[in-house]
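The values are calculated or read from the model by the stated rules, or taken from the named source; none is laboratory data. For clarity, every value in this text was computed on a predicted model and none was experimentally measured. Here the Cβ positions follow ideal geometry from the backbone for every residue, glycine too, while neighbour counts run over all protein chains shown. Remember, those area values only see protein heavy atoms, side chains included, never the ligands or the DNA or RNA. Shrake-Rupley method; radii C 1.70, N 1.55, O 1.52, S 1.80 Å.
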Number of protein chains: 2
Amino acid sequence: MSGGTGTADKRGATIYDVARMAGVSHQTVSRYLAGKGGLRPRNRERVEAALKELNYRRSHIARSLATSRTYRLAALGYELSGTGPGKMMQGASEVARAAGYSLDIISLDPVSDSELSDALDLLGNRDIEGVLATAPTEALDRALKGLTTDAPVVVVRDADLPERPYADGVDPLGVHALVQHLTTLGHRRIAHLGGPPAWVAARQRIDAYEHAMHAAGLEPLPVVATGDWSAQSGYAAAPEVLAPGGITAVVAANDRMALGLMLWLHEQGIAIPRDVSVVGYDDVPEAAFFHPPLTTVHLDFQAIGAAAMRSLITMIEQPDVDARPRFPSPELVLRASSGPPPQ
Amino acid sequence: MSGGTGTADKRGATIYDVARMAGVSHQTVSRYLAGKGGLRPRNRERVEAALKELNYRRSHIARSLATSRTYRLAALGYELSGTGPGKMMQGASEVARAAGYSLDIISLDPVSDSELSDALDLLGNRDIEGVLATAPTEALDRALKGLTTDAPVVVVRDADLPERPYADGVDPLGVHALVQHLTTLGHRRIAHLGGPPAWVAARQRIDAYEHAMHAAGLEPLPVVATGDWSAQSGYAAAPEVLAPGGITAVVAANDRMALGLMLWLHEQGIAIPRDVSVVGYDDVPEAAFFHPPLTTVHLDFQAIGAAAMRSLITMIEQPDVDARPRFPSPELVLRASSGPPPQ
DNA sequence: GGCGATTTCGTTACCGGTCACGTTCTACCA
DNA sequence: TGGTAGAACGTGACCGGTAACGAAATCGCC
């Protein structure tokens with residue numbers, strides 16, 4: 001009413017405005033905002049009143065300039081609209097926000113490489129405190145290594161493979177469990193429908209398939225890896241996968257490719273799992289409702305993203321602490337798409 | 001070699017450092033960086049050399065403080081890991097980055113409302129220049145309206161419905177086309193498996209279904225809307241949807257619910273589309289590979305997100321221009337899940 | 001060579017906070 | 001009542017850029 005200071009002064013009120021109105025110095029206001037106490041009740045009240053009256057909001061920009069902390073992180077990866085990467089980002093994003101950081105998510109398009117370099121020098125930007133990169137291709141992996149920033153970088157692969165991945169029966173990817181499940185059912189000729197070879201994840205799964213077959217005393221079949229993770233590519237690659245003949249089970253590199261493969265089988269009149277068993281990888285929420293419901297390996301993407309982000313934040317806030325992320329293990333999920341081979 | 005300034009001075013070089021090394025004033029460096037020209041070749045060279053030598057990177061923070069432009073936007077929505085919202089964000093994100101903005105993506109959890117208020121006052125933050133919100137529930141819609149910020153806000157609904165949505169044969173949602181497709185095939189008892197009623201999108205689709213039925217001279221059946229967009233919920237709701245009896249076609253509120261519904265039908269020995277036709281909505285990439293491939297309505301989510309973002313940026317940069325987004329129209333996609341009703 | 005008009009450049013202030021330090025006030029005790 | 005420790009508060013500088021303005025250098029032309 002009185003005074004005539006409009007409520008919405010353009011450009012917002014500063015601590016100096018607040019200080020003037022409260023009859024104190026800007027430093028006192030700053031102290032109040034820092035919440036450290038040490039204000040006399042009278043001044044505290046006046047500051048609070050002025051703050052409210054002017055609808056003060058702090059300027060993170062100015063604060064950042066003074067403290068050289070920005071609380072900004074960046075995350076990048078391919079195909080962030082997919083279930084896996086998407087959930088990962090969601091997990092990461094929640095952790096970041098809870099810790100007071102904001103997250104710039106940069107979704108790369110596999111097609112255009114120019115975008116990659118753009119995005120990368122965006123990261124070279126010195127007001128980003130840390131970088132999280134997910135499920136990279138090797139091109140991205142290399143690019144990240146060449147990153148000229150001293151901000152910490154966390155790269156999430158499908159699993160942090162130990163030095164000797166398959167020693168001691170350790171199966172970090174869960175592919176062994178999948179293959180073992182099939183061999184236990186009696187399958188011998190088990191094919192692998194691989195993911196795009198440029199992806200580290202796809203290569204890891206191919207390796208794991210071959211290793212698991214050898215471990216079971218079986219000869220791995222030539223891996224068909226012409227796909228791009230999509231259902232379309234699974235459908236297209238299906239004939240080639242089945243070409244060797246006598247195949248009774250197929251391990252697809254992910255659930256979506258398995259879906260495409262299954263449609264092709266249906267169209268050929270090949271029954272699942274009576275004639276051919278199909279298993280996937282990822283356990284997307286829809287996999288339980290495929291026809292038939294898909295046996296697959298469950299990955300808790302959200303937890304993976306969250307763990308990676310926790311690790312990144314620890315690297316920033318406590319550089320001396322060892323903060324390697326601990327990712328949850330993949331778990332085999334048995335459903336109706338796998339069964340004993342035909343006689 | 002000479003001089004002894006280490007290449008990696010902590011905290012980075014400033015334009016003052018560069019200016020000193022180049023023997024010019026900081027303002028000259030600033031001018032060079034602004035790219036406006038007007039430097040003598042000699043000075044230009046010296047500045048360039050110093051820039052490179054010191055590995056200078058500009059501080060966006062300081063620039064923001066001086067210009068009061070932050071080039072930061074925020075986007076928020078539910079279930080960003082889903083195909084639709086995910087692609088939308090991807091489209092928005094690309095446009096934003098191309099225009100020089102960075103995008104904070106905030107993924108809300110439908111469960112916890114506390115998160116919403118947290119996120120919201122994060123937006124009240126005055127260094128965010130604009131807000132994009134997608135596919136909101138009405139709770140979010142209300143919350144956004146109460147937002148105390150003078151930054152522009154763009155809210156994306158499924159379609160920007162005109163004043164009188166169904167006049168003049170206009171069908172902004174594509175649901176009419178879907179229903180008409182079914183009636184043309186001869187269906188009369190067409191049910192709707194609705195989305196979660198709290199979602200504006202779900203309500204719009206329910207309305208459109210009922211209106212389309214009336215337009216075809218048919219009585220809409222009671223809508224079952226107990227789902228949550230998931231395949232699981234489609235599966236669970238299936239018996240109730242089919243309960244009225246004699247139903248020969250079902251319009252699901254989205255593809256995932258259609259997937260769950262179809263699994264239930266398979267389990268009951270009901271053939272699709274021989275006994276019952278099923279159609280979805282969204283056209284997720286996998287829909288073409290369901291069994292059978294799903295008739296649905298295609299939405300170009302990426303284009304929608306991009307259009308919304310362009311609109312937001314226009315609102316920021318040219319406040320006087322009318323920048324209402326123009327979204328692409330949904331398109332009917334015919335596949336094998338719909339066919340004539342049984343005799 | 002001298003003059004004015006343009007370019008080119010430097011000086012100073014400012015954005016909105018925090019930090020370091022010095023001053024004032026209060027409270028307690030001799 | 002005076003002295004003093006410690007809390008409360010204010011002053012000035014600084015973070016790293018940009019904006020505004022005036023000074024200096026350059027150019028063209030007579």
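Worth a mention:
- Rounded tilt (10° steps) of A:301-317 against the dominant C-alpha axis of chain A: 40
- Chains B and A, summed buried accessible surface - 1.4 Å probe, Å², nearest 100: 4700
- If you wrap the range A:15-58 in the convex hull of its Cα atoms and look at it from every side, the mean projected area works out to 2.5 nm².
- Average Cα contact separation per residue, chain A, under 8 Å, 6 or more apart, as relative contact order %: 16
- Distant-in-sequence amide contacts of A:Thr295, defined by a placed amide H-H separation under 5 Å and a gap of 5 or more residues or a different chain, comprise A:Gly280, A:Arg335, A:Ala336, A:Ser337, A:Ser338.
- Once the mean of 1/r is taken over each pair of separate Cα atoms and inverted, the range B:167-299 shows a Kirkwood hydrodynamic radius of 14.3 Å.
- Computed label-point distance, nm, for sites B:Glu317 and A:Asp118 using a 7 Å Cα→Cβ extension: 1.3
- Under the Debye formula (equal points on every Cα, no solvent term), log10 I(q)/I(0) of the range B:239-343 at q = 0.11, 0.20, 0.21 Å⁻¹: -0.45, -0.93, -0.99
- Per-residue average of Cβ from other chains inside 10 Å of B:185-196: 0
- Mean residue ellipticity (222 nm) of chain A, computed from DSSP H runs ≥ 4 via -39,500 (n - 2.57), nearest 500: -13000 deg cm²/dmol
- The alpha-carbon atoms of the protein assembly as shown, seen along their principal axes, cover 83, 65, 55 angstrom, with the largest extent given first.
- For chain A, convex hull of alpha carbons as volume per residue, Å³: 184
- Across the identical copies, the label point of B:Pro319 (7 Å from Cα in the Cβ direction) is separated from its matches by 4.2 nm, in order from shortest.
- Number of partner chain Cβ atoms within 10 Å, mean per residue of A:86-92: 5
- In the assembly of identical copies, B:Ala49 has its label point, taken 7 Å from Cα in the direction of the beta carbon, separated from the corresponding points by 6.3 nm (ascending, one decimal).
- In percent, rounded to a whole number, the relative contact order of the range A:167-298 is 24, using alpha-carbon pairs under 8 Å and six or more apart.
- Alpha-carbon centroid distance for the pair the range A:263-287 / the range A:25-98, whole angstrom: 50
- Accessible heavy-atom area order of A:His192, B:His298, highest first, probe of 1.4 Å: B:His298, A:His192
- Note on the protein assembly as shown: Lys pairs 8 or more places apart or on different chains, Cα atoms under 23 Å apart, count 9.
- For the range B:268-300, residues shielded by at least 50 square angstrom of accessible area compared with the chain on its own, probe 1.4 Å: B:Glu286, B:Phe289, B:His291
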